[in-house]
Amino acid sequence: MVRQGSLDNCRAILTEARKTGARVCVGSDAHDASLVGVFHKALELIDEVGIPDEQIVNRDAASVLEFLAERGKKEISFS
């Protein structure tokens, strides 16, 4: 979901992130338990702006681990 009235700001932030190569993390920013994990609007906006998969930190578990390793975290595993 996108907070009412913030769509233009979200679009502008993502556009700048795309241009600069900044990494982004997709989430629902839920303030209600029923909305946890509901982020189809965020994904639609990412597609609209053209953020490449390589810039999305949490596209899957491997990409999260890769990001953490890049940030200096070593020996990370979920066993």
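Observations, loosely collected:
- Amide H to amide H, with H built 1.01 Å from N, residue 24 comes under 5 Å of 56, 57, counting only residues 5 or more places away or on other chains.
- Per-selection metrics, the chain (Cα): Rg and Dmax in Å: 14.0, 42
- Segment residue 61..residue 38, full-extension length gain: 6.5 nm, with 0.36 nm per residue of separation and the alpha-carbon distance subtracted.
- Separation of the residue 54 and residue 68 label points, Cα + 7 Å toward Cβ, nm: 2.4 nm
Since every read-out is calculated from the coordinates, none of them should be taken as a lab result. These figures come from a predicted structure and were not determined experimentally. Here Cβ is always computed from backbone atoms with ideal geometry, including for glycine, and neighbour counts include all displayed protein chains.
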